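The block underneath contains the structure these notes are about, expressed in structure tokens.
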Amino acid sequence: MEFISPGSRQLKANLHCHSTLSDGHLTPEALVDAYRKAGYSVLAITDHEAPYDHSAFSTEDFLLLTGYEAYIRPSPDCVIDLFGPEVHLNLLAREPHNITFVGYDPKFCKYMPHETADSRPKAGAAGPRQYTRAYIQRFIDDARAAGYLVTYNHPCWSMEAQEDILAYDGCFSLEIFNTGSMVINGSEYNLALYDRFLRGGKYLFCHGADDNHNKYPFGHPLCDSFGAWTMILADTPDYAAVIGALERGDFYASTGPAIHSLRIEGNRAHLTCSAARRAVMHVSPKRAVSVCHEDASVVTEAEFEIPDYAPYVYFSVFAGDGTSAHTRAFRREEFV
């Protein structure tokens, strides 16, 4: 199995972004311009409870994904509790013109004008939101049925109990990095939670995103843009090609390093990457294999032997500046 072929194209993407259509500080036009100039090829502007179709901004070399961020809080009036849990989900549309509202509740629609929201197609049960496992699961199911891919966002910031997060089914990917939350709390790095999913038999994918609101200018220490991204393995920034790659898990998360190739044949894996301090094959938090040099010189290639007892493996690259990249997990039946 060749997950990343040498020389294959990788599209840099930010899958979580906010504009002036909700609580962001830059217009959609300004965000497109900034991310294009920063070398990105894909952007999803996912404003809070505000499904908009931004496909008019797409060009041959830059793709806008349609979607929005939904959130469910214990407060029926959508009042934030700084010490309590809530859940945020990004809904990425499989089709570019899908602007369906899922589980519409006017009290949670704080940014989109209600007359605009009323004109949107609806899916799922409208009315008051309920912060319960059953309601959240129905919401995820309804979103998927309405043509969305669902991501679980910033679990550290959301403060949900792990047993609740692990109980949900149907999210295709977990935000393993979130720049905005990392700027706030310094803790939004979710590799351990990702491994909990895998050990429980839930093989969702993992991605990185900015969740940028751009309260601070580019270059400021508290700027929340360009800190985490997803590298999508697709030949072209075409809507169907990118969505297909996301559905298949053909992507990896990064805050810096690039993975140039990854091949798994039987019980052997071979990885090449940009300059790194070490490359790691994870089997569990208690068992991993690192490739590094005693003199801390640069690693750009690693060979791993996969133990027979490993039900899955995934790979990380750690650079000397503290940045890292992570693949999704590969189940044994995928490569043996």
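Of note:
- The chain, relative contact order [Cα under 8 Å, separation at least 6], %: 16
- For Leu262, the shell of other residues with beta-carbons less than 13 Å away shows a net charge of -3, using +1 for Lys and Arg and -1 for Asp and Glu.
- Per residue solvent-accessible surface (Å²) - the chain, probe of 1.4 Å: 41
- Whether segment 35-98 is rounded, prolate or oblate, judged on the alpha carbon gyration tensor where a/c under 1.5 counts as rounded: prolate
- Convex hull projection area averaged over all views, segment 14-169, Cα basis, nm²: 9.1
- Its Cα gyration tensor gives segment 24-68 an equivalent ellipsoid; the semi-axes, largest first and in whole Å, are 17, 12, 8.
- Helical mean residue ellipticity (222 nm; -39500 (n - 2.57) per DSSP H run of 4+; nearest 500) of the chain: -5500 deg cm²/dmol
- A straight Cα-to-Cα reach below 22 Å connects Lys286 with the lysines Lys202, residues fewer than 8 places away in its own chain not being considered.
- The spacing between segment 64-96 and segment 287-336, judged by their C-alpha centroids, is 33 Å.
- Taking θ as phi - 60° and the Karplus parameters 6.51, -1.76 and 1.60, the scalar couplings of segment 236-250 work out to 8, x, 9, 4, 5, 5, 5, 4, x, 5, 5, 4, 7, x, 8 Hz in sequence order, x denoting glycine and proline.
- Overall, the chain carries a charge dipole of about 480 debye about its Cα centre when +1 sits on the Cβ of Lys and Arg and -1 on the Cβ of Asp and Glu, all other atoms neutral.
- Shown for segment 259-326 is the translational diffusion coefficient from the Stokes-Einstein equation, using the Kirkwood radius over Cα pairs, a temperature of 25 °C and a viscosity of 0.890 mPa s: 202 µm²/s.
- Gyration tensor (alpha-carbon) shape descriptor, segment 199-249, a/c threshold 1.5: oblate
- Hz values of 3J(HN,Hα) by residue in segment 325-336 - Karplus curve (6.51, -1.76, 1.60), Gly and Pro given as x: 9, 9, 8, 6, 7, 10, 6, 4, 5, 6, 10, 10
- Between amide H atoms placed 1.01 Å from N, distances below 5 Å from Val283 occur with Ala288, Val289, all of them 5 or more places distant or on a separate chain.
- Rg of the Cα atoms in the chain, relative to 2.2 N^0.38 Å, amounts to 0.98.
- Whole-percent carbon and sulfur share, accessible surface of segment 284-336, 1.4 Å: 48
- Segment 246-297: Rg to Rh, with Rh as the Kirkwood radius over Cα pairs: 0.98
- Placed amide H near Ala50: partners under 5 Å, 5+ positions off or other chain: Glu69
- Where Trp157, Trp229 fall by accessible area, highest first, once all protein chains stay in place (1.4 Å): Trp157, Trp229
- Computed from backbone phi, the HN-Hα couplings of segment 202-215 come to 9, 9, 6, 8, 9, 9, x, 7, 7, 6, 7, 10, 6, 5 Hz, rounded to whole numbers (Karplus: 6.51 cos²θ - 1.76 cosθ + 1.60, θ = phi - 60°; Gly and Pro given as x).
- Global geometry of segment 84-133, whether rounded, prolate or oblate, following the gyration tensor of its Cα atoms and the 1.5 cut on a/c: oblate
- Cut-off 15 Å between beta-carbons: net charge of the residues surrounding Arg94, Lys and Arg +1, Asp and Glu -1: -3
- What the pair-distance distribution of segment 218-336 shows, using all Cα-Cα distances binned every 10 Å from zero, is 13, 39, 34, 13, 2 percent.
- Mean projected area (nm²) of the alpha-carbon convex hull when segment 65-153 is viewed from all directions: 5.6
The values are calculated or read from the model by the stated rules, or taken from the named source; none is laboratory data. For clarity, every value in this text was computed on a predicted model and none was experimentally measured. Neighbour counts are summed over all protein chains in view; Cβ atoms, including those assigned to glycine, are modelled from backbone coordinates with ideal geometry. Side chains are part of the model used for accessible areas, which takes the heavy atoms of the whole protein and leaves out ligands, DNA and RNA. Shrake-Rupley method; radii C 1.70, N 1.55, O 1.52, S 1.80 Å.
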